[in-house]
């Protein structure tokens, strides 16, 4: 190690996790499927991305200023802004209902199967509404692989403050250094690692690990390869 580089005292040791938490939207489920919902209501398909990014941004900003409103409220307000306040409530409902019917990424089920075979429990962890996440995971045929579905909405927060990940660790009754957070968002993995968790990044969304975030314990393009690397860590 370079003499000017100090070790990060919050970084968990690179050990095989005893529990794995998965981000839901974009990590497990294909949010770009919302594009067809925008087309249905007469809007450009590409607006789904601005809408979803704006929802995350606003939720994080509201978290920084205090208790965040529920995800559904933040998303509805972000959607109104994205479509220039041109849609009826029924049209907004049609787009937002799409969150419950998103298809899974093809690399998710193999990742969950690998964890099941290794007898390591997997949980979904979102800042979206737990009921919506459950419905979406049921629709995608993934919920049977999961021990639980947790939402940071219960503590009125969005990711990535450390308190959110610590709360999730308490839900699974495991110390942070034995819990892995797996996501396709580098900022989510960065937040988890800052909270003392093991970080696993699927780079299929961002292409590579950004230079400005903490280096994940493991990373790969596909989610099942991320899990394979987690399982290969020393016990």
- Message: Given the criterion under 13 Å from residue 21 (Cβ atoms), touching a helix residue (DSSP H, G or I) at 6+ places or on another chain (Cβ under 8 Å), buried (at least 24 other Cβ atoms within 10 Å of the Cβ) and not assigned by TED's automatic domain parsing to the domain that holds residue 64, identify the matching residue among 180, 202.
- Response: 180
- Task: Tell me, yes or no, whether the stretch 111-122 has at least one residue that is under 13 Å from the mean Cα position of the chain (by Cα) and modelled with pLDDT of 95 or more.
- Result: no
- Message: With the requirement that a residue be under 20 Å from residue 189 (Cα atoms) and in a helix (DSSP H, G or I), what does the stretch 131-153 give you?
- Response: 133, 152, 153
- Specify which of the listed residues (52, 25) is touching a strand residue (DSSP E or B) at 6+ places or on another chain (Cβ under 8 Å) and within 19 Å of residue 192 (Cβ to Cβ). 25
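The values are calculated or read from the model by the stated rules, or taken from the named source; none is laboratory data. In this text the structure is predicted, and so the values were computed from the model without any measurement. All Cβ positions, even for glycine, are placed from backbone atoms using ideal geometry, and neighbour counts span all protein chains on display.
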